[in-house]
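Worksheet: the structure to be examined is printed underneath.
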Amino acid sequence: MVRRWGLALVWVVCGVFAAAGTGLRGVPGVGLVVLVVCLGVAGVHSPLVFPRSVGALEAQRRSALDGRPVVYWRPGCAYCLRLRMRLGRGARRLHWVDIWRDQDGAAVVRAINDGNETVPTVIVDGRPHTNPDPGWVCKVVRADV
């Protein structure tokens with residue numbers, strides 16, 4: 001659990017210290033802006049931005065039933081965040097697997113990517129796509145509707 005929230009917590013702590021430092025120097029407005037920015041970045045890098053993750057085996061089972069893609073991701077990944085933001089509400093149509101929480105998911109990603117945990121890895125119709133273009137994924141998701 002700490003690993004999932006680690007990056008977000010680092011941003012919160014840095015924001016608090018930076019805000020306190022600028023506040024003590026007599027510039028509380030700048031400190032408040034820094035704190036708000038750091039809290040925003042922490043929120044974006046937290047697991048809250050992504051739909052609820054399921055295990056790899058459950059995602060594969062669900063995908064076999066409904067034909068929706070499976071996305072393997074991890075918190076703090078800029079490419080995963082880019083994909084998530086581009087999908088918008090459509091992100092809920094995919095099955096998300098956090099490879100830091102699910103060892104089976106991490107093993108799937110390593111098997112696909114020559115031993116590397118390269119994410120996002122998206123499985124569409126049984127075919128893996130490593131770091132696909134978010135626009136293409138959006139088209140695939142819209143085609144499923």
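Taking the charge dipole of the chain about its Cα centre, with +1 at Lys and Arg Cβ atoms and -1 at Asp and Glu Cβ atoms, the residue from VAL44, PRO120, LEU7 reaching farthest to the positive side is VAL44. About its Cα centre, the dipole of the range 51-144 is roughly 460 debye, where the only charges are +1 on Lys and Arg Cβ and -1 on Asp and Glu Cβ. Converting phi to 3J(HN,Hα) with the Karplus coefficients 6.51, -1.76 and 1.60 and the offset θ = phi - 60°, the range 78-85 yields 5, 5, 5, 5, 4, 5, 4, 5 Hz in sequence order, with x at every glycine or proline. Residue-wise HN-Hα couplings along the range 49-62, as the Karplus relation 6.51 cos²θ - 1.76 cosθ + 1.60 with θ = phi - 60° gives them from phi, are 6, 9, x, 4, 7, 10, x, 4, 5, 5, 4, 5, 5, 5 Hz; Gly and Pro carry x. For the chain, adding -39500 (n - 2.57) for each run of n ≥ 4 DSSP H residues and dividing by the number of residues yields -18000 deg cm²/dmol at 222 nm.
Multiplying the residue separation of GLU58 and PHE17 by 0.36 nm and removing their Cα-Cα distance gives an extension gain of 10.6 nm. In this simple spin-label model, placing a label point 7 Å from the Cα along the Cα-to-Cβ direction at both ARG110 and LYS139 gives a separation of 3.4 nm. For the range 2-48, what D do you get in µm² per second when you plug the Kirkwood radius from alpha-carbon pairs into Stokes-Einstein at 10 °C and 1.306 mPa s? My calculation gives 150 µm²/s for D. Counting only DSSP beta bridges with both residues in the chain, the antiparallel share comes to about 65 percent.
Over 20 Å apart: what share of the alpha carbon pairs of the range 85-145 falls there, rounded to a whole percent? Roughly 26 percent, rounded to a whole number.
Coordinate-derived values only; no laboratory data. No experiment lies behind these values; they were computed from the predicted model shown. With ideal geometry, Cβ positions are generated from the backbone for all residues, glycine too; neighbour counts draw on all protein chains shown.
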